[in-house]
Amino acid sequence: MNPAVGLVIALKAEARALLGRGVWERADGNRYRRVYFNKEMSLIAVLSGVGRNNAMISARWLISQKVKVLVSLGVAGGLDPTLRAGDTVFGDVIYQDQEGYYQKVWEGMPGIAGVVRERFQKRGIRGFAGGIVSVKSPALSGSAKKKLHVETGALAADMETGSAAIAAAESSVPFFAFRTICDPADREVRDPFFRCLDPGGQIKVSRIVPVLLRNPSLVSDLLALKRDFQSALTGLHDAWHKAIREMIPLLISKQDE
């Protein structure tokens, strides 16, 4: 069997955008799915759940399965104000929040970012290369996002990529990260919405309905968030199927040069 590409995916909605519907198996406490694209390439995707600990567990399990490369994929919050919902970011440097400072935990080889940008352009993908910072809890306000952008220079923020990058570095496994923007830098994500999410990142109806009944003005915010999230999923699907999937073998070869 050819070595597989390992994918760390936090949310069911992200997995569906990337791989479509399918059956997920269980092994060692991990939910995984193997997909065969052709004779040269297979994937093992793990549905990690939200957060750095979940991502670390999933990444280390994938490495134990002898994957050839580890890839972090999903949506992220925008930090650069020029990015729109649905834009794709290739992480050429990854930072991890470490008790008040941001440690660089991974950096791409010279020239890789240029290859990615060129391929995105050829495939009509609105894509960028830059930093991704992984935080313990999401940056919900515009001011929090601006602070992260100023302190790190990162284009996007999530909660899982840093852990996956650390796991890959520990085992000297090639690593790449792609994130599509689900809430732009100027989008305020109200705290009540975040508290209504379940561990899988989905809004629980039983929690959100009382919030909206108490404050009907939040309905417009919810609709805007839903629209942005759908744009992010569409962007993730398009970037994966039009560019990223076919780009991974090329990136591996560049990494090995």
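The values are calculated or read from the model by the stated rules, or taken from the named source; none is laboratory data. The structure presented is a predicted model; accordingly, all values stated were derived computationally and were not measured. Because the Cβ atoms are built from the backbone with ideal geometry, glycine has one as well, and the counts that use them run over all protein chains shown. Protein only, heavy atoms only, side chains kept; ligands, DNA and RNA dropped before computing areas. Shrake-Rupley method; radii C 1.70, N 1.55, O 1.52, S 1.80 Å.
Here are some notes:
- Selected residue (criterion: nearest to M56 (Cα to Cα)) from residues of the stretch 18-36 that are free of Cβ contacts under 8 Å to residues at least 24 places away in the same chain and charged (D, E, K, R): R31
- Where M109 falls short, out of the listed (1) in contact with a helix residue (DSSP H, G or I) (Cβ under 9 Å, 6 or more places away or on another chain); (2) at pLDDT 95 or above: (2)
- Failed item, numbered, when S134 is tested on (1) surrounded by fewer than 22 Cβ atoms within 10 Å (Cβ to Cβ); (2) in contact with an Asp or Glu (Cβ under 9 Å, 6 or more places away or on another chain): (1)
- Only one of the numbered conditions (1) small (G, A, S); (2) open to solvent by 10 Å² or more (accessible area, probe 1.4 Å); (3) under 17 Å from V93 (Cβ atoms) is not met by A156, and that is (2).
- Test for A45: is it surrounded by fewer than 18 Cβ atoms within 10 Å (Cβ to Cβ), farther than 19 Å from F128 by Cβ and hydrophobic (A, V, I, L, M, F, W, C): no
- Long-range neighbours under 6 Å by Cβ, at least six apart or interchain, first residue over 17 Å from D92 (Cα atoms) within the stretch 122-145, second open to solvent by 60 Å² or more (accessible area, probe 1.4 Å) and part of a loop (DSSP other than H, G, I, E, B): S141/E188; G142/D186; G142/E188
- Among the residues of the stretch 58-69, just one is modelled with pLDDT under 95 and either open to solvent by less than 10 Å² (accessible area, probe 1.4 Å) or among the acidic types (D, E) (or both), namely V69.
- Among residues of the stretch 79-117, those that are surrounded by 17 or more Cβ atoms within 10 Å (Cβ to Cβ) and on the phi > 0 side of the Ramachandran plot, counted: 1
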